[in-house]
Amino acid sequence: MLIPLLYLLICIALICLLLLFPGVAHEGTDLGVELFMEALFPYLLPYLILTQWFIRLTPETSNSLSRFKLYFKTYGISALGGFPTGAATITYLKKSKQISLKEANILLSICHSPSPLFVLGFVGNDLLNDTTFSWQYLILYHVVSMIILTGFYFYYGKGKIDSFSFSDVQPPKNQNPFTSSIKDSIPTVLVVGSTIIFFTTIYTVVMHSVKSFFPDIHSGVMLSIAAMLEMTNGLKIGQELFTGQPTLLLVILALFLTSQSLSIHMQVAVIAKSEQLSLKPYILMRVFYTLLIPSLYFLIFL
């Protein structure tokens, strides 16, 4: 009862802020559309279509070696494409009965990482003017994820596949894998675009409201709000605030890249719920990664 009431209060508060600052909301929406169309759409849509096509052309069977290949193929697709490519791939595998519900729930929590194009391009080149941090972070993140994925395979995928009835998936006779890939990619792109535009608008309005009502608010609070709503803005503000403290800056960047933001988590939630996947493993894994990855980065590289 308390949680729905909290959601209702947040919704009412945001509606009031949008009504109080319509001009700022319009600016936020324009910024969200620009961010999506220029930074995400040009590579997200082609990559989604190609990965969906690839998955349809390479269906797996129920033997143990095939499970191993499927798990790591799915992880590779998600690692190269970044979020929410992993979620889109896993929901298709679940829908086509190539993986069970339990497998889908666990894979959703593991096959989730920032795009290397984003980490190397935006974080490395644009923010730091050096890709050393980006390569270190990507290697650490994926090594940890591969270890967890291997453990999951030996615990579940190798020994318990008989409990689920798998089917060799072939596209319907009158359905072309390529055209169906385009069709199934469009909803994912719309989800990504909608969440980015929405949270960029909310971020712009909330930040303006906080500065208007509390002009002397601590910069750390502003940074936390920005990172919670939209990761890209949080990374940018963090770089501006801690550019003179390189050690702290790198830890903060690792923290934000690992924890991500509400915008990204909502994309995953909407896509996952289309196949009734549980978000509990996903949430627990995000908390675990958020605690582990920045700590390991500090201990190993700093």
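Quick look at the values:
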quantity	calculated
Search result, residues across segment 256-279 that are more than 13 Å from the chain's Cα centre (by Cα) and open to solvent by less than 20 Å² (accessible area, probe 1.4 Å)	L277
Pairs, first within 13 Å of L257 (Cβ to Cβ) and without any contact (Cβ under 8 Å) to a residue 60 or more places away in the chain in segment 133-149, second open to solvent by less than 20 Å² (accessible area, probe 1.4 Å) and among the hydrophobic types (A, V, I, L, M, F, W, C), C-beta under 7 Å, six or more apart	S134/V119; S134/V123; L138/V119
Count - residues of segment 198-217 that are outside any helix (DSSP H, G or I) and open to solvent by 70 Å² or more (accessible area, probe 1.4 Å)	3
Long-range neighbours under 6 Å by Cβ, at least six apart or interchain, first residue farther than 19 Å from Q136 by Cα within segment 280-302, second hydrophobic (A, V, I, L, M, F, W, C) and open to solvent by less than 30 Å² (accessible area, probe 1.4 Å)	Y282/L108
Qualifying residue in segment 239-255 (condition: under 25 Å from A25 (Cβ atoms), touching a residue at least 12 places away in the same chain (Cβ under 8 Å) and either assigned to a helix (DSSP H, G or I) or not small (G, A, S) (or both))	no
Close pairs from segment 93-105: first open to solvent by 80 Å² or more (accessible area, probe 1.4 Å), partner part of a helix (DSSP H, G or I), Cβ under 8 Å, at least 6 apart	K102/Y156
Helices (runs of 4 or more DSSP H) wholly inside segment 1-119 containing at least 2 residues that are under 15 Å from the mean Cα position of the chain (by Cα)	41-57, 64-81, 85-95, 101-110
Residue match in segment 59-82 (condition: closer than 21 Å to I196 by Cα, in contact with a helix residue (DSSP H, G or I) (Cβ under 9 Å, 6 or more places away or on another chain) and either of a type in the set (S, T, Y) or open to solvent by 30 Å² or more (accessible area, probe 1.4 Å) (or both))	yes
Test for S181: is it open to solvent by less than 40 Å² (accessible area, probe 1.4 Å), farther than 21 Å from F122 by Cα, modelled with pLDDT under 90 and assigned to a helix (DSSP H, G or I)	yes
Subset of segment 86-115 [modelled with pLDDT under 90 and under 21 Å from E38 (Cα atoms)]	S115
Candidates E275, E240, filtered to the one that is more than 30 Å from L17 (Cβ to Cβ) and acidic (D, E)	E275
Selected residue (criterion: most open to solvent (accessible area, probe 1.4 Å)) from residues of segment 9-54 that are modelled with pLDDT of 90 or more and among the acidic types (D, E)	E27
Single condition I225 does not satisfy, out of (1) surrounded by fewer than 21 Cβ atoms within 10 Å (Cβ to Cβ); (2) modelled with pLDDT of 90 or more; (3) more than 24 Å from P46 (Cα to Cα)	(2)
G220 surrounded by fewer than 14 Cβ atoms within 10 Å (Cβ to Cβ) and either in a helix (DSSP H, G or I) or touching a residue at least 60 places away in the same chain (Cβ under 8 Å) (or both)	yes
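Each row is one residue, and each column tells you yes or no for (1) more than 21 Å from the chain's Cα centre (by Cα); (2) at pLDDT 85 or above; (3) surrounded by 13 or more Cβ atoms within 10 Å (Cβ to Cβ); (4) among the hydroxyl-bearing types (S, T, Y).
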{"position": "S134", "(1), (2), (3), (4)": "no, yes, yes, yes"}
{"position": "V143", "(1), (2), (3), (4)": "no, yes, no, no"}
{"position": "K160", "(1), (2), (3), (4)": "yes, no, yes, no"}
{"position": "N174", "(1), (2), (3), (4)": "yes, no, no, no"}
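The values are calculated or read from the model by the stated rules, or taken from the named source; none is laboratory data. Source: prediction; values computed, not measured. Cβ coordinates were reconstructed from backbone atoms using ideal geometry, including for glycine residues, and neighbour counts include every protein chain displayed. Only protein heavy atoms, including side chains, enter the accessible area calculation; ligands, DNA and RNA are left aside. Shrake-Rupley method; radii C 1.70, N 1.55, O 1.52, S 1.80 Å.
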